[in-house]
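*Asks:* One structure, as structure tokens, below. Some questions next.
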Amino acid sequence: MAELKKFIDIIANEFHEDRLTYQKSVPTFHPESAEEAGRLFALANKSKQKIYINGYGNNISPVGDPFENCLVVKSDRLNGLIEIIPGDYYVVVGSGYPLRELNQALKEYELFLPHADLPYVGSIGGAVAIGLRADYQGHDLPISKYFIGAKIVDPQGKIISPGSVCFKSVSGLDIVRIYSPSWGMLGMIVSVTFRVMPISGREDYGNITMKSIDFEKFKSLYRNPEDNVSALYSLKIKSKFDPNGILPFLPL
């Protein structure tokens, strides 16, 4: 706990005072840009300070022993609707933007995202990070199907932009989709680019239902990744870009 207090003193000198709050006595940092999140992560690496990335409506609440020495980083101020490109059928939105409000914003452009009609109470970044899934006429429909790009702060504080807005990208593994799901293990999602659909097809998705969110299944997959390509690549990325383990696999 003493080390965490030292780190809080460091960031208090580095950032505007309103970036740091205490929620249920948990120290919480609120970046307002990718650059601020990157600076924070770089400082965390120097101090080997553990971080827990948190949106709202989270499936894991940052309380209890596993979080005792963690700094929570919250995406609530990264909540802008950045860009809507109707002609190319994509939208760019901040990770803290509420998923359930997205279709309301897209309606003006006669577009929609199927998963924004689900009863998921949380942020877009959270929905991507947990790998939100739906059942569509008996078929699995992951949000990653529409997840085509992102701006992400990696564990060392570098800002990366995997993915492409092109309809056809390079063949092989689509790296951006490794982040859905990633549960905050590989970096902080700052903004998300979704492929969206013409609103004329919205009725076809009227009966989709949200699938349960299974963190235990995710943990099991990453403990035994041999038969899962995404898990193998994720762990390789984790070992290379998070050598100090500042984004721990929580809860422990």
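The values are calculated or read from the model by the stated rules, or taken from the named source; none is laboratory data. These numbers were taken from a predicted model, which means no experiment stands behind them. Glycine also receives a Cβ, built like all others from the backbone with ideal geometry; neighbour counts cover every protein chain displayed.
*Asks:* I'm trying to understand the selection: among the residues of segment 17-42, which are within 18 Å of residue 157 (Cβ to Cβ) and in a loop (DSSP other than H, G, I, E, B)? Steps first, answer last, please.
*Replies:* First, pick out the residues of segment 17-42 that are within 18 Å of residue 157 (Cβ to Cβ): 19-20, 29-42.
Across segment 17-42, the qualifying residues are 30, 31, 32, 33.
*Asks:* What do you reckon, is residue 165 under 29 Å from residue 39 (Cβ atoms), assigned by TED's automatic domain parsing to the domain that holds residue 95, part of a loop (DSSP other than H, G, I, E, B) and at pLDDT below 90?
*Replies:* Numbers: under 29 Å from residue 39 (Cβ atoms): yes; assigned by TED's automatic domain parsing to the domain that holds residue 95: yes; part of a loop (DSSP other than H, G, I, E, B): yes; at pLDDT below 90: yes.
Taking the combined requirement at face value, the residue satisfies it.
*Asks:* Turning to a different aspect of this structure: Consider residue 118 carefully, then state whether it is closer than 22 Å to residue 164 by Cβ, surrounded by fewer than 22 Cβ atoms within 10 Å (Cβ to Cβ) and touching a residue at least 12 places away in the same chain (Cβ under 8 Å). So that I can check it myself, show each step before the final result.
*Replies:* On the way: closer than 22 Å to residue 164 by Cβ: no; surrounded by fewer than 22 Cβ atoms within 10 Å (Cβ to Cβ): yes; touching a residue at least 12 places away in the same chain (Cβ under 8 Å): yes.
When the stated conditions are applied, residue 118 does not pass them.
*Asks:* Within segment 187-194, identify whether any single residue is surrounded by 16 or more Cβ atoms within 10 Å (Cβ to Cβ), in contact with a helix residue (DSSP H, G or I) (Cβ under 9 Å, 6 or more places away or on another chain) and assigned to a loop (DSSP other than H, G, I, E, B), and answer yes or no. Talk me through it step by step, then tell me what you get.
*Replies:* Initial filter on segment 187-194 (surrounded by 16 or more Cβ atoms within 10 Å (Cβ to Cβ)): 187-194.
Keeping just the survivors that are in contact with a helix residue (DSSP H, G or I) (Cβ under 9 Å, 6 or more places away or on another chain) gives 187-194.
Next cut, assigned to a loop (DSSP other than H, G, I, E, B) only: 187.
Yes, there is a match, as at least one residue in segment 187-194 is surrounded by 16 or more Cβ atoms within 10 Å (Cβ to Cβ), in contact with a helix residue (DSSP H, G or I) (Cβ under 9 Å, 6 or more places away or on another chain) and assigned to a loop (DSSP other than H, G, I, E, B).
*Asks:* Another question, then. Only one of 143, 148 is within 23 Å of residue 38 (Cβ to Cβ) and of a type outside the set (S, T, N, Q); which?
*Replies:* On the way: 143 fails: within 23 Å of residue 38 (Cβ to Cβ).
On inspection, the qualifying residue turns out to be 148.
*Asks:* If you check residue 68 against the conditions, is it of a type in the set (Asp, Glu) and in contact (Cβ under 8 Å) with a residue 60 or more places away in the chain? Explain how you work it out, then say what you get.
*Replies:* Values: of a type in the set (Asp, Glu): yes; in contact (Cβ under 8 Å) with a residue 60 or more places away in the chain: yes.
For residue 68, the condition - of a type in the set (Asp, Glu) and in contact (Cβ under 8 Å) with a residue 60 or more places away in the chain - is met.
*Asks:* Restricting to segment 86-97, name every residue that is touching a residue at least 12 places away in the same chain (Cβ under 8 Å) and out of contact with any helix residue (DSSP H, G or I) (no Cβ under 9 Å at 6 or more places or on another chain). Step through it out loud before you land on a result.
*Replies:* Residues of segment 86-97 that are touching a residue at least 12 places away in the same chain (Cβ under 8 Å), as a first pass: 86, 88-97.
Matches in segment 86-97: 88, 89, 90, 92.
*Asks:* Closer than 27 Å to residue 242 by Cα, more than 19 Å from the chain's Cα centre (by Cα) and surrounded by 14 or more Cβ atoms within 10 Å (Cβ to Cβ): which single residue out of 20, 78 fits that description?
*Replies:* On the way: 78 fails: more than 19 Å from the chain's Cα centre (by Cα).
Result: 20 is the single residue among 20, 78 that is closer than 27 Å to residue 242 by Cα, more than 19 Å from the chain's Cα centre (by Cα) and surrounded by 14 or more Cβ atoms within 10 Å (Cβ to Cβ).
Every residue, every condition in (1) assigned to a helix (DSSP H, G or I); (2) under 28 Å from residue 68 (Cα atoms); (3) not assigned by TED's automatic domain parsing to the domain that holds residue 40, yes or no:
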{"site": "152", "(1), (2), (3)": "no, yes, yes"}
{"site": "176", "(1), (2), (3)": "yes, no, yes"}
{"site": "207", "(1), (2), (3)": "no, no, yes"}
{"site": "230", "(1), (2), (3)": "yes, no, yes"}
{"site": "234", "(1), (2), (3)": "yes, yes, yes"}
{"site": "244", "(1), (2), (3)": "no, yes, yes"}
